[in-house]
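The values are calculated or read from the model by the stated rules, or taken from the named source; none is laboratory data. Quick caveat: nothing in here was measured; it's all calculated off a predicted structure. Cβ placement follows ideal geometry from the backbone for every residue including glycine, while neighbour counts extend to all protein chains displayed. Heavy atoms of the whole protein, side chains included, go into the accessibility calculation; ligands, DNA and RNA do not. Shrake-Rupley method; radii C 1.70, N 1.55, O 1.52, S 1.80 Å.
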Amino acid sequence: MRFGRIAAFLAVGLAVAGSTPASAHPGSASPLAGAQPGSASSLAGAHPRSDDGSLRAAARGTGVRVGTAVDMAALAADDPYRAAVAREFDTVTPENVMKWEVVEPQPGVYDWTAADQLVAFARENHQLVRGHTLVWHSQNPSWLTEANYTPAQLRALLRKHILDEVGHFKGKVWAWDVANEVFNEDGTPRDTIWLRALGPNYIADAFRWAHQADPKALLFLNDYNNEGVNAKSDAYFALVKQLRAAGVPVHGYGMQGHLAIQYGLPDTVLTNVQRFDKLGLRTAFTEVDVRMLLPADAAKVQAQTEGFNLLLRACLLVRHCVSYTVWGFTDKYSWVPGVFDGQGSATPMDENLQPKPAYEGLRETFLLAG
Ligand code: G3I
């Protein structure tokens, strides 16, 4: 059902420019307004619970797919992890194994092994695949440097990389993060090997090449700190309009959603998602996690639950938000502690794959929208 009677509930805590979020769906006053996800009693009887109790089942019928990044080493070695990926999600994103350094470790030598395994796993489990990612400044092969190649050669290499990778997975990848993290926080273009060698048109080229290789795949821009209205998301908004005016096949705007409760939660997410939605663009939350300074306590857990939920509610409140993906669902394999000293507990399940309040909050929000 997604819209209508639950709009006011979903909009709790989401600031919207000009009007209330519920105004998008007139007459949708909700008896649940003010209820908080996680407060089971306020939601009792609001919707029949799904039979298997998973996120995947809860999301069914909402129009929003629920996904996770997948750690391929864990998928191979950890049975409970593998079972949870299959049970809980209906899309999967390779956390690392479709990145350029993995798929082409030596020039012209491809290794699709791990990525193919994920695609096969997804097929077995009736899941769609979000491909991640085609042009980025990070996790490129060590041989791919400006010292080794001229700008013309780099352009040819990028073209071949995108045609070959998207071509390899043609018909098997639902959506691609084509261009990842191309702007700085202030909205200026990020200084990367691609910008330096090829100039700003490398983004349009990347989308054109991806579309040429798989005309049916949805093609996304993707970044972090672009969830709310700010200089970075303004830059994306301008870029999308410019690309579309030039006929470039850009279909989606991805917001990674790496939040940290100590910095506060973004308060203009719905306004931001709505403006991209109004362009007719798909939107997606692509890498959601909500980290905290350890140790966790009740207040931090509550803030985390709200962080996960505010992104989901924004997604459910617009027409073209197609998926909500967490960047790993268990703390057992989260990237966060390895990168942010003293921080963690960023995913919806603990290291023993036990659901946290954030998990229950997401499930209940999906159920309300279904
Ligand atoms: O595979 C090697 C292993 O052979 C080696 O022993 C080990 C030693 O450090 O490194 C392993 O590679 C690591 C790889 O993850 C696989 O675990 C890399 O060092 C490590 O840098 C890499 O980190 C990934 C990171 O992207 C790289 O920037 C994280 O797992 C991954 O979660 C993270 O994902 C990014 C998204 O792609 C884009 N958005 C931000 C997000 C979080 O940083």
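Listed values, structure above:
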| item | result |
| --- | --- |
| Qualifying residue in the range 155-176 (condition: under 22 Å from the mean Cα position of the chain (by Cα), in contact (Cβ under 8 Å) with a residue 12 or more places away in the chain and within 19 Å of Y224 (Cα to Cα)) | yes |
| Unmet requirement for A114, which otherwise passes all of (1) farther than 21 Å from A179 by Cβ; (2) within 15 Å of the ligand (Cβ to nearest atom); (3) open to solvent by less than 10 Å² (accessible area, probe 1.4 Å) | (3) |
| Among residues of the range 169-208, those that are open to solvent by 50 Å² or more (accessible area, probe 1.4 Å) and charged (D, E, K, R), counted | 7 |
| Options R313, R319, R282; residue that is touching a His at 6+ places or on another chain (Cβ under 8 Å) and touching a residue at least 12 places away in the same chain (Cβ under 8 Å) | R282 |
| Count of the range 350-368 residues which are over 15 Å from K300 (Cα atoms) and surrounded by fewer than 20 Cβ atoms within 10 Å (Cβ to Cβ) | 6 |
| Residue, farthest from the ligand (Cβ to nearest atom), within the range 320-339, restricted to residues that are touching a helix residue (DSSP H, G or I) at 6+ places or on another chain (Cβ under 6 Å) and not hydrophobic (A, V, I, L, M, F, W, C) | H320 |
| Test result for S138, within 16 Å of the ligand (Cβ to nearest atom), within 22 Å of the chain's Cα centre (by Cα), of a type in the set (G, A, S) and over 27 Å from E88 (Cβ atoms) | yes |
| Where a residue in the range 67-91 is within 18 Å of W335 (Cβ to Cβ) and hydroxyl-bearing (S, T, Y) and its partner, wherever it lies, is open to solvent by less than 30 Å² (accessible area, probe 1.4 Å) and more than 15 Å from the ligand (Cβ to nearest atom), with Cβ under 6 Å and at least six apart | T68/F89 |
| Residues (open to solvent by 10 Å² or more (accessible area, probe 1.4 Å) and away from the ligand (no atom under 16 Å from the Cβ)) located in the range 209-231 | W209, H211, Q212, A213, P215, K216, L218, V229, N230, A231 |
| Condition met for V166 (away from the ligand (no atom under 16 Å from the Cβ) and crowded, with 20+ Cβ neighbours inside 10 Å) | yes |
| Inter-residue pairs, beta-carbon under 9 Å, first touching a residue at least 24 places away in the same chain (Cβ under 8 Å) and in the range 334-351, second small (G, A, S) and in a helix (DSSP H, G or I), 6+ apart | T347/A358; P348/A358; P348/G361; M349/A84; M349/A358 |
| Candidate set from the range 57-66 (those that are of a type in the set (A, V, I, L, M, F, W, C) and either touching a residue at least 40 places away in the same chain (Cβ under 8 Å) or at positive phi (or both)); member that is farthest from the ligand (Cβ to nearest atom) | A58 |
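So that you can scan it fast, the table gives a plain yes or no per residue for (1) in contact with a helix residue (DSSP H, G or I) (Cβ under 9 Å, 6 or more places away or on another chain); (2) away from the ligand (no atom under 15 Å from the Cβ); (3) more than 25 Å from K216 (Cα to Cα); (4) basic (K, R):
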position: A84; (1), (2), (3), (4): no, yes, yes, no
position: D90; (1), (2), (3), (4): yes, yes, no, no
position: V102; (1), (2), (3), (4): yes, no, no, no
position: L128; (1), (2), (3), (4): yes, yes, no, no
